[in-house]
Each structure stands twice: as structure tokens, then as C-alpha cells.
Amino acid sequence: MFIDSYFTGNLVTKKRRDCCTNLTANADFGYPLPNELQRLSMAISTSPANSTAKLPEFLVSAASMEEFDLLATISQVDIIDLKDPAWGAISPASIDLWNLVAAKSSQLPKHQHLSAALGEFDQANQCAKQLPPQFRFAKMGSSECDHVDLLMQRWRTIKNHLHASTELVAVAYADFKSAKSIDPMKVLLGAKAGGLKRILIDTFQKDGRTSIDHLGIDQLRAFADAAYENGIWWSLAGSIDLAQVDQLSLNGIHPDCIGVRGAVCDGGRSTSLSEEKCRRFSSTVHGHAT
């Protein structure tokens, strides 16, 4: 059974238990699950929940050296994530930028870490081996992948390219049908079975709709329960703004990390970061204990 509190003061209702059970133990995967995934699917509704309260981390994506330098001065930014936002959710920055940032990484405070988007599998398979070891995290998209076992195979391939110091983060798309992918709960199950400890929910199509729009509060709450009960750190991105951070908190949904780009830019996500918006957003995010 679920433990009735996974955060202090937040009760797990019967509706949440039923929602999580339906999304996991009774999910239609479309093909027989490996034994390990069957076991993990059932474990989501039987594992004790994580009740440790802490502040969420804050991830901001940078697309240039100037943006990296800016984020390095904002102490409440925990993860500086390099990507090329003009080409999609997980499109990588240039290898030259990776190397320039890596050369300055020793100047970062100890709590700030570097992350890199690697692209979807074909692109990630080409560039992952060139990612400098100073990057703590790397992310590969899950598009064009409709089976958990195929996704796990892709993770193993990319992990073999990365330095031991770099941790691969699973990516699940809230609009998974547009990405021709699998839904986030199934990605979570695969991550647990494959030994990945972190997962990001993002949107594949950058059309103004958010991860909350695509999944809804009930599915996000069920995902949060499953992540915490299985010891998986999870980050929520996908056109998240300050109003949605408040909405999540009011509904008892507390990601380990909030990831943004467009919400802290001067204009759209392909324009430059705004220092004022970065500082205001980071202060708000760090005001929500999880």
C-alpha cells in the first residue's frame, strides 16, 4: 500500500492511489513486459514513499557563452544546461561551446552543475563521445521509440559513449504521441529497470502548450508518486512559467527540479536570457519546498 504521506502535510488520496495503479500495474504496453518491468510496475503501488522535504533545484538552459557567464553569477541556478533551443527541446549546443564551458567549469560554485542536451538518438550517438567529462549530466530524447526495451537499449549505447563522471538522464515527452514515443510512466519504469536515477519530462513540440496541458494534474501527481516511491529524481520542463510552479505546489506536486528556457528569455525561447527574469524565477522556485 501507499504510505499516506510522501511530503509533510500532503496526503495521498484514494483517487491518487487508483490513478497511479491504473497508470502502472494496469497499463497497456502493447507487448509483453520483461519480468523486471512487470515487477517494477507492481512495485510502484507497494513501495514506501519518500517523505524528505527539500527545496527544488532550478535548471536554466543556456545557448551561448554569454548566457553561461550570466547563469554562473546567479547562485540559485543549480544546473546550467547547454542546448540549441532554435532546433528543438533536446537539440545540442555546438561542441565548441561545450569545450569553452568545460574550460571554465572550475570557476563554478560547488553546488552548480553542467548539463548537456545530446539530441535524439541518432544525433546523440554521434556527439555523446565528444562531451567533456566536466558535464555532470547528459540528456537524450526519446522520440521515434515506441518500446521500452528499445529505449533501454539506446540508453546503454549512449552511456557507453559518456565519461564515467557524466550521468545519463532519461527524457520523457509529455506530448509523447507527437514524438512517436512512449508515455512518461513507461519511461520511468524503463529508467528504474535500466539503472537510471534521473528523468526529465519535457515537451517535444514547442507550440505553446505545456507539460501540464498535455498530461494534466492527475497524471503528473501519479508520476510524482511513482518517482518518489522508486527513488527516481525527476525534473519538469516544457513551457513552465511562474503561475504553473504555483499550480503544481497547490496541487501537492513537487518536482525535484524545475527546468526553464522560454520563461526567462527576453522574448521567445530562441531569444537571449533575461537576467531579471532568471533571478525572479529562481527566487520563486526556491520558495517552494518539496
- Query: Among 213-219, 264-270, 199-205, what's the highest-first ranking by average C-beta atoms within 10 angstrom per residue?
  - Reply: 199-205, 213-219, 264-270
- Using θ = phi - 60° and the Karplus relation 6.51 cos²θ - 1.76 cosθ + 1.60, list the HN-Hα couplings for region 141-146 in order, rounded to whole Hz, with x at every Gly or Pro. x, 10, 6, 6, 8, 10
- For region 55-285: relative contact order, % (alpha-carbon pairs under 8 angstrom, 6 or more apart): 18 percent
- Item | Exposure proxy ranking, count of Cβ atoms within 10 Å, fewest first, for Ser274, Ser143 | Ser274, Ser143
- Please state the charge dipole magnitude for region 55-285, taken about the Cα centre, from unit charges on C-beta atoms (+1 on K and R, -1 on D and E), reported in debye and rounded to the nearest 20. 520 debye
- Item | Peptide ranges 173-181, 72-80, 246-254, 101-109 listed from the most packed, as the mean C-beta count within 10 angstrom indicates | 173-181, 72-80, 246-254, 101-109
- Task: Using a cut-off of 14 Å between beta-carbons, work out the net charge of the residues near Gly119 (Lys and Arg +1, Asp and Glu -1, Gly119 not included).
- Result: -2
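Taken together, the values in this text are just the output of simple stated rules run on the coordinates, not laboratory data. All of these numbers come straight from a predicted model, not from anything done at the bench. A quick note on method: Cβ atoms are made from the backbone with ideal geometry, for glycine too, and the neighbour counts reach across all protein chains shown.
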